[in-house]
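Take a look at the structure below.
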């Protein structure tokens, strides 16, 4: 026989649970004496403290002294009140100033910047009217002169003409660029040995003043262009770029864009020395080009990687130190090249890293041009593999213009500059157009605009 024992405490406990469920409305079709006011009903649920697992009906947080979103915090959202108001003890109160019966923040409202009725055409920051101020832009173009660069130079010329059209136009909500310097160098630093296309000093990192072809061949231009867009100087700037960037394609096959760039910008007083113990040109031949308050853009266009040589013996075809084909010397003997730390530290000594942009237009696979440096370097196409049948590396990308090869050193340095606060922009000589890297370069420049504020 089954004996059922009656326990009054159990009955009372279940009765309390039933009453709590009735009060919350959870899973039931009726509600005994439910408060009509939603806030009061919410409070009723929260007052049922005898239940550890009571129900909470989450809604958007408002300024009412209640935990509307059931996160055990009250009135915590910053936007529970209108701008210029603060939530105090469950009510929105004016936290700023009253202007025309409207609560406004005098620190940030462009209609009332620093005082009621003080309208601001720009940005209101801390009660002061500010307008974006374009910094000077100094652009160093490094154009490869090896025999394979005919098509790439043409493509780069199209990029520069597009860039020119944008210089005197506003960058979105920001003003147009105020002052631009442009200088053109080549990565040909010569050779101590007799090699096809290699002279004793090459171009020595000097900015070009003559065109190597076209209608303006033989014309002489300044070391660098100083261009102020709002003075209607576009025609002069276009002629300079069209002519001076025609640097030819008969240069030395050992391309040294990083070494040439550093030499072009380094002051002669620096202890850093270059090929044949020569000093930098930054304060002599190129005096006035690089300004301390500028954004420095170094744009390298090449279908090879950087081969900045520390030991000139690498270029000796009869060397007993470095064997193998000259085509593969830079790949097979990295110990003969300058470490990338030389360029990371050298550029940082010359110009603030956060104001430096490295634009690499090279053998980056087109599908990766918007990726970061690490992703690009990890890509299968970017690994250096020797094509023994051709006595060269396997191409990283190919187009109708020919083959291009993995620019690993250039991409790696760009990533390091970005890690130091600068910007790394990538483009591909194998892509059908170069407009995308132009836009990303302009965006990187715009990110470095500063606010010029007047006194409130």
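The values are calculated or read from the model by the stated rules, or taken from the named source; none is laboratory data. Since this is a predicted model, take the numbers as computed values, not measurements. Every residue, glycine among them, receives a Cβ derived from its backbone with ideal geometry; neighbour counts consider all protein chains shown.
Scan (1) more than 30 Å from residue 329 (Cα to Cα); (2) at pLDDT below 90; (3) buried (at least 17 other Cβ atoms within 10 Å of the Cβ) for the single condition residue 286 breaks and write down its number.
All conditions pass for residue 286, except number (2).
Does residue 315 qualify as being over 27 Å from residue 422 (Cα atoms) and either surrounded by 15 or more Cβ atoms within 10 Å (Cβ to Cβ) or touching a strand residue (DSSP E or B) at 6+ places or on another chain (Cβ under 8 Å) (or both)?
yes
Being in contact with a strand residue (DSSP E or B) (Cβ under 9 Å, 6 or more places away or on another chain), surrounded by 13 or more Cβ atoms within 10 Å (Cβ to Cβ) and in a strand (DSSP E or B) is the filter here, so list the residues in segment 57-95 that pass it.
Passing the criteria: 85, 86, 87, 92, 94.
Output the residues belonging to segment 117-135 that are at negative phi and in a loop (DSSP other than H, G, I, E, B).
Once the filter is applied, which keeps residues that are at negative phi and in a loop (DSSP other than H, G, I, E, B), segment 117-135 yields 118, 119, 120, 121, 122, 134, 135.
Restricting to segment 96-121, what's the tally of residues that are touching a residue at least 40 places away in the same chain (Cβ under 8 Å) and in contact with a strand residue (DSSP E or B) (Cβ under 7 Å, 6 or more places away or on another chain)?
The total comes to 2.
For (1) surrounded by fewer than 22 Cβ atoms within 10 Å (Cβ to Cβ); (2) touching a helix residue (DSSP H, G or I) at 6+ places or on another chain (Cβ under 9 Å); (3) modelled with pLDDT of 85 or more, each residue gets a yes or a no:
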| position | (1), (2), (3) |
| --- | --- |
| 133 | yes, no, no |
| 140 | no, yes, yes |
| 151 | yes, no, no |
| 168 | yes, yes, no |
| 175 | yes, no, no |
| 183 | no, yes, yes |
| 191 | no, yes, yes |
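Being under 19 Å from the mean Cα position of the chain (by Cα) and more than 23 Å from residue 135 (Cβ to Cβ) narrows it down to one residue among 373, 388, 379; which is it? Working first, answer last.
Working: 388 fails: under 19 Å from the mean Cα position of the chain (by Cα); 379 fails: under 19 Å from the mean Cα position of the chain (by Cα).
Unique residue meeting the criteria: 373.
Could you please let me know if residue 407 is modelled with pLDDT under 95 and buried (at least 18 other Cβ atoms within 10 Å of the Cβ)?
When the stated conditions are applied, residue 407 does not pass them.
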